[in-house]
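For reference, the structure is listed below as structure tokens.
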């Protein structure tokens with residue numbers, strides 16, 4: 001592969017800053033080991049000047065969460081005609097918003113868990129009415145999540161009404177809108193999808209968390225979860241979920257690479273799409289590198305494929 005001059009942008013201002021720093025460090029090291037000229041950068045007022053002066057072939061985005069995965073930096077880079085990795089502005093902006101993602105997926109007939117959105121301004125005005133409205137719309141147990149945050153930050157599993165207020169107020173610390181959706185009991189799955197005009201699903205990963213559900217510790221701590229590749233599903237269910245993942249990818253306008261998270265309800269044998277990650281993690285415990293490795297694609301080669309697809313798209 002041609003050798004590129006790459007700026008790896010990591011860190012940022014979101015709650016996922018520490019994870020982003022780890023992703024960026026490993027991306028930079030792997031690309032440098034394959035002969036690319038790599039410069040690591042953090043988000044700062046100086047960033048745009050450094051990018052313009054650096055004359056980079058491409059920016060590798062190792063950011064997660066807001067200001068990195070939400071279309072913000074993608075828009076800036078588009079404005080200055082700087083190539084970058086991952087989906088574009090619109091897909092990034094939609095997918096960071098879990099509720100908007102669900103509305104679009106549901107509107108095209110794709111399966112999502114039932115749920116509702118609570119806005120802080122309404123909750124502050126009349127919390128009792130908001131709690132009653134939630135209970136009228138969604139049966140317990142529910143997952144309470146900040147609407148525009150990732151890495152399971154601020155998420156709570158609520159099984160008793162008495163815990164619901166605390167869960168909402170915890171989530172409001174991270175976002176002014178909160179998604180409350182029915183907790184699906186079953187198997188946690190994720191499907192990386194790669195490509196532009198003809199995207200393809202990678203193997204389904206079954207996630208077996210150490211804790212009750214896939215929380216922050218399970219996601220990032222060594223030994224926090226077990227990744228089983230391929231997932232222990234029938235051939236037909238595997239095909240169905242991979243097809244759903246590709247459909248979601250296309251409907252949301254994703255390009256290059258995204259990861260679609262599912263819950264598979266073992267009682268009803270029904271898959272549900274939870275969310276779409278447009279800049280998946282690239283740490284030593286991350287899911288996409290595991291799926292690629294199963295196919296014989298080592299980490300450095302995966303990164304080069306991401307660069308090639310990004311340059312092809314742009």
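Every number here is computed from the coordinates shown, using simple stated rules; none is lab data. In this text, all values refer to a predicted model and were calculated from it rather than measured experimentally.
Of note:
- A quarter of the convex hull surface defined by the alpha-carbon atoms of the stretch 19-149 gives 11.3 nm² as the mean projection.
- Rg/Rh (Cα only; Kirkwood hydrodynamic radius) as it applies to the stretch 242-299: 1.01
- Relative contact order, whole percent, for the chain stands at 20, derived from Cα pairs under 8 Å and 6 or more residues apart.
- A P(r) calculated from all alpha carbon pairs of the stretch 103-165, with 5 Å bins opening at zero, reads 3, 15, 23, 26, 21, 9, 3, 0 percent.
- Extent along principal axes [Cα atoms of the chain; Å; largest to smallest]: 57, 47, 37
- Estimated D of the stretch 91-202 in µm² per second, where Rh is the Kirkwood radius over Cα pairs and Stokes-Einstein applies at 25 °C, 0.890 mPa s: 163
- Shape of the stretch 5-85, Cα gyration tensor, a/c cut at 1.5: oblate
- Within the listed set 44, 92, 14, the residue fluctuating most in the Gaussian network model of the chain (springs between alpha-carbon atoms under 10 angstrom) is 44.
- Euclidean distance between Cα centres, the stretch 249-314 to the stretch 121-176, Å: 28
- Computed over the stretch 155-314, the ratio Rg/Rh where both radii use C-alpha atoms and Rh is Kirkwood: 0.98
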